[in-house]
Amino acid sequence: MSDQILTQILGELKSLNNRMGNLEDRQGALESGQQALLTRQEALESGQKALLTRQEALEARQVSFEAELKEIKANTADIPLIRQAVLETLEITKRLDLSQKS
């Protein structure tokens, strides 16, 4: 083979070597980017789990508040009747006091 052909083959081989190097660099960058995305995904999943835990806690508190509110409503439903009974008792007591004084 002539020197010119060998030089041409050598140039092509160098060019291919450079291209392969560039491809390997790009592949490394892609792998690094993929790893960064996986890390972010794990962080998002962790945050999502934390939010779900907080949501469950809030729902439990809501159930507790609703139960307390129901109890308060049940306890305050009788207040008008109790008030009326107290007023009637006071009126009767006043009448008894007046009748005892006379």
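Is the chain rounded, prolate or oblate when judged by the Cα gyration tensor, a ≥ b ≥ c being the square roots of its eigenvalues, rounded requiring a/c under 1.5 and prolate requiring a/b larger than b/c?
Prolate, because a/c is 1.5 or more and a/b exceeds b/c.
Could you size up the charge dipole of the chain around its Cα centre, putting +1 on the beta carbon of Lys and Arg and -1 on that of Asp and Glu, and report it in debye to the nearest 20?
580 debye
If the chain between LEU98 and LYS14 were fully stretched, how many nm would it gain, using 0.36 nm times the residue separation less the Cα-Cα distance?
Contour length minus Cα-Cα distance gives 17.9 nm.
Grab the beta carbon distance between THR76 and LYS49, set R0 = 35 Å, and tell me the FRET efficiency rounded to 0.05.
With a Förster radius of 35 Å, E is 0.30.
Just subtract the alpha-carbon distance of LEU23 and LEU69 from 0.36 nm times their residue separation and send over the number in nm, one decimal. Display every interim value, and only then the final one.
Values: separation 46, 0.36 × 46 = 16.56 nm, distance 6.71 nm.
Gain on extension, LEU23 to LEU69, equals 9.8 nm.
Taken together, the values in this text are just the output of simple stated rules run on the coordinates, not laboratory data. Just so you know, these numbers come straight off a predicted model, no measurement behind them. Heads up, the Cβs are rebuilt from the backbone with ideal geometry, glycines too, and the neighbour counts pull from every protein chain shown.
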